[in-house]
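These notes are about the structure you will find just below.
The values are calculated or read from the model by the stated rules, or taken from the named source; none is laboratory data. Just so it is clear, the model here is predicted, and its values are computed rather than measured. Cβ placement follows ideal geometry from the backbone for every residue including glycine, while neighbour counts extend to all protein chains displayed.
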Amino acid sequence: MSHQFEDGFFTIKPPWHGLGTVLPEAPADSKEAIRAANLDWRVEKQPLLTTEGVYVPNHYAVIRKKEGLRDSLGVVGNRYQPVQNIDAFNFFDQVIADGDATYDAAGSLKGGSIIWILAKLNGPLRITKDDHVEKYLLLYNSHDGSSAVTMQFTPIRVVCHNTLTMARELVNSAYSLSVRHTATVLYRMQSTAQYLGYVNDQFEHTGDAYRFLAGKKINTDQLEVYLQKLFPDPKGETKRNRNKATREKCIELFEVGQGTDVTGDNYWKAYNSVTEYVDHIRNRNNQEARVRSAWMGQGHRLKSKALETALAA
């Protein structure tokens, strides 16, 4: 099956979804990262015309401009202000220059309509003796009006490459940051640099939540109750129960999934059975859809619910 992943890079080792070129070392700055990800192009907003040459009021096409390339990435409204790829990347440059993080990955999805950057922060979280979680910041931006400029914490479990979510009830509202595409978007992005100062504290709070789950035992009946809350049976006997198959797959992952050998039967293991399902099983035949869902869409929301449900159990 084809996908809409255009270009991208990952540093040192291949990613869990198999998309992108692997680099031997991390780019030194945003300019290198832009080139490595083949995102060294610009966008501009142009009036939208019908085939008869009539202007469409308050509608504009976002046009990508690069040598030998000129195409439309989407249609936006009057207030939409484009954010160039280099401006999105520049947001991370100071963190990289201070030695607190490295450019780990970047790329584009939906035919260039979404660009994303992943920065890896120093110092992994230790959950148990042999179970560690790396700390990442994910920034993504749309050129089709589908999302604001968004930056969020993205922990990744080393042993299985599962992308996790933050414990929202244990951290403040800065666990995610969105800036709309208005005339002040670039100013607001720069003014949120203080947001990065919260990063390590937020990760440590979430590390405590993960360790709490690792010490919270779960039995077979409790696992079924936990998964029922996430994938409930549909109302009405005639409806096809796809959620039952999903629960069965998660139970299988709980028993023999990646990383099961470094943890016992606990809610941390149950939570990771769901994150592994989202990242590695769901949308298996469409890598681009898998990435987009896991980081930005329904899969991300499902993982957040899975963590909250495990903590509340």
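A few comments on the model shown:
- The single condition among (1) closer than 16 Å to residue 156 by Cα; (2) not in a helix (DSSP H, G or I) that residue 285 does not meet is (1).
- So residue 303, is it in a helix (DSSP H, G or I), crowded, with 18+ Cβ neighbours inside 10 Å and in contact (Cβ under 8 Å) with a residue 12 or more places away in the chain: yes
- Which numbered condition residue 181 misses (of (1) modelled with pLDDT of 85 or more; (2) surrounded by 15 or more Cβ atoms within 10 Å (Cβ to Cβ); (3) not in a helix (DSSP H, G or I)): (1)
- Unmet criterion (only one of (1) over 22 Å from residue 250 (Cβ atoms); (2) modelled with pLDDT of 85 or more; (3) not β-branched (Val, Ile, Thr)) for residue 201: (2)
- If you go through the range 265-282 and keep only what is within 16 Å of residue 164 (Cβ to Cβ) and assigned to a loop (DSSP other than H, G, I, E, B), you end up with just 282.
- For the range 43-59, the set of residues classified as out of contact with any Pro (no Cβ under 6 Å at 6 or more places or on another chain) and either crowded, with 16+ Cβ neighbours inside 10 Å or of a type in the set (D, E, K, R) (or both) consists of 44, 48, 52, listed by residue number.
- No other residue among 249, 217, 235 is without any contact (Cβ under 8 Å) to a residue 60 or more places away in the chain, closer than 20 Å to residue 128 by Cβ and not polar (S, T, N, Q) apart from 217.
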